[in-house]
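*Asks:* Starting off with a structure, shown below.
The values are calculated or read from the model by the stated rules, or taken from the named source; none is laboratory data. Note that the structure is predicted; figures quoted are calculated from it, not measured. Cβ atoms come from the backbone with ideal geometry, glycine included; neighbour counts cover every protein chain shown. These area figures cover heavy atoms from the full protein model, side chains too; ligands, DNA and RNA do not enter into them. Shrake-Rupley method; radii C 1.70, N 1.55, O 1.52, S 1.80 Å.
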Amino acid sequence: MGESTDADRPGTTSPVRTGAVVTSTFEELAPALPNEMADLRRKLTRWLGELPLDPESTHDITLATYEALANAAAHAYPDGHGWARLQAARTGDAVTVTVTDTGCGIPATRPRQAGRRTSGGRGLALIDKVTDQSDVETSGDGTTVRMTWRPAALRDENPS
């Protein structure tokens, strides 16, 4: 049997060098359930481990991504189960992670429900703090959280 390569694993592609830009991608779709979101986080962490990232950048990317995934599991589908899509790409010196759901969206004001254990809405603030750029698009048709980092370890020492 031949060796398994990154391209053989579901959800990932091997790095491709186009000129001076390296591109590597990851994509998974999973039920928006807490245990499934934890599994997506583990898969993303393995993918990140293949990139030349410093531990702090890996931690920030994993933390922010898990917050976005946890939000999808906890809030997107109050009347039943739905799906969350995790996409990640390294393009040149940037890593972009996108978490998408097709749930109910984020209300402008989210009331706290008695007896419900929540983080109190600090997840998006945390995402904003640990990313170089984050954008949230939300409507009654779902939410997309796009996060971008430019870790020093990915910057080309000799740009052409």
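*Asks:* Out of Asp132, Asp79, report the one residue that is surrounded by fewer than 16 Cβ atoms within 10 Å (Cβ to Cβ) and modelled with pLDDT of 95 or more.
*Replies:* Asp132
*Asks:* Provide a single number: the residues in the range 82-100 that are open to solvent by less than 40 Å² (accessible area, probe 1.4 Å), closer than 17 Å to Leu44 by Cα and either in a loop (DSSP other than H, G, I, E, B) or among the basic types (Lys, Arg) (or both).
*Replies:* 1
*Asks:* Given the conditions (1) open to solvent by less than 30 Å² (accessible area, probe 1.4 Å); (2) closer than 17 Å to Arg146 by Cα; (3) modelled with pLDDT under 95; (4) hydroxyl-bearing (Ser, Thr, Tyr), report the number of the one that Thr12 does not fulfil.
*Replies:* Failing condition for Thr12: (2).
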